[in-house]
Amino acid sequence: MSRRVLVTDARRGAAVAMIRSLGRSGAEVIAADSEARSAGFYSRHATDRLRYPSPRTDPEGAVRTLLRAVEQRGVDLIVPCGDELTLLLSEER
């Protein structure tokens, strides 16, 4: 059984590299970002995509959307690739 991993900030180079690496290792990867034209959304290794509200303008909405995705999409792991969401998600632990 493969793991389902959600990678945030999919527009960042580090996130795209993470999406590739996880996808090549057999994980199901959900590329997630607040921007519609995120580079990670176009990776062949992303099996699904998720848009969340901007953590700068709607931090609660961004966290709520990500946590809902964990429940609804069966996400095993969230990999935040930006400082904003790392801090926001750590506050929800």
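From the residues in region 49-72 that are among the polar types (S, T, N, Q) and outside any helix (DSSP H, G or I), which one is nearest to residue 12 (Cα to Cα)?
54
Can you give me the number of residues within region 78-93 that are farther than 23 Å from residue 23 by Cβ and assigned to a loop (DSSP other than H, G, I, E, B)?
Qualifying residue count, region 78-93: 2.
Among the listed residues 20, 11, which satisfies the condition of being in a helix (DSSP H, G or I) and either surrounded by 13 or more Cβ atoms within 10 Å (Cβ to Cβ) or among the β-branched types (Val, Ile, Thr) (or both)?
Selected residue: 20, the only one of 20, 11 that is in a helix (DSSP H, G or I) and either surrounded by 13 or more Cβ atoms within 10 Å (Cβ to Cβ) or among the β-branched types (Val, Ile, Thr) (or both).
Starting from region 48-59, keep only residues that are polar (S, T, N, Q), then list their pairs with residues that are part of a loop (DSSP other than H, G, I, E, B) whose Cβ atoms are within a distance under 8 Å, requiring at least 6 positions of separation or different chains.
Close Cβ pairs satisfying both conditions: 54/34.
Under 8 Å between Cβ atoms, at least 6 apart or on separate chains: pull out the pairs that start in region 14-26 with a residue that is more than 15 Å from residue 42 (Cα to Cα) and end on any residue that is at pLDDT below 95 and of a type in the set (Gly, Ala, Ser).
Pairs that qualify, where the first residue is more than 15 Å from residue 42 (Cα to Cα) and the partner is at pLDDT below 95 and of a type in the set (Gly, Ala, Ser), are 26/2.
Applying the selection to region 23-38, what residues are farther than 23 Å from residue 64 by Cα and either in contact with a Gly (Cβ under 8 Å, 6 or more places away or on another chain) or in a loop (DSSP other than H, G, I, E, B) (or both)?
The answer is 25, 26, 27.
Here are some residues: 56, 51, 93, 64. Which one is open to solvent by 100 Å² or more (accessible area, probe 1.4 Å) and within 12 Å of the chain's Cα centre (by Cα)?
Result: 51 is the single residue among 56, 51, 93, 64 that is open to solvent by 100 Å² or more (accessible area, probe 1.4 Å) and within 12 Å of the chain's Cα centre (by Cα).
Might you let me know whether region 51-64 holds any residue that is closer than 23 Å to residue 2 by Cα and of a type in the set (A, V, I, L, M)?
Checked region 51-64: no residue is closer than 23 Å to residue 2 by Cα and of a type in the set (A, V, I, L, M).
Given the conditions (1) crowded, with 18+ Cβ neighbours inside 10 Å; (2) among the hydrophobic types (A, V, I, L, M, F, W, C); (3) assigned to a helix (DSSP H, G or I), report the number of the one that residue 75 does not fulfil.
Looking at each condition in turn, residue 75 falls short on (3).
The values are calculated or read from the model by the stated rules, or taken from the named source; none is laboratory data. All values derive from a computational prediction rather than experimental measurement. Cβ coordinates were reconstructed from backbone atoms using ideal geometry, including for glycine residues, and neighbour counts include every protein chain displayed. Heavy atoms of the whole protein, side chains included, go into the accessibility calculation; ligands, DNA and RNA do not. Shrake-Rupley method; radii C 1.70, N 1.55, O 1.52, S 1.80 Å.
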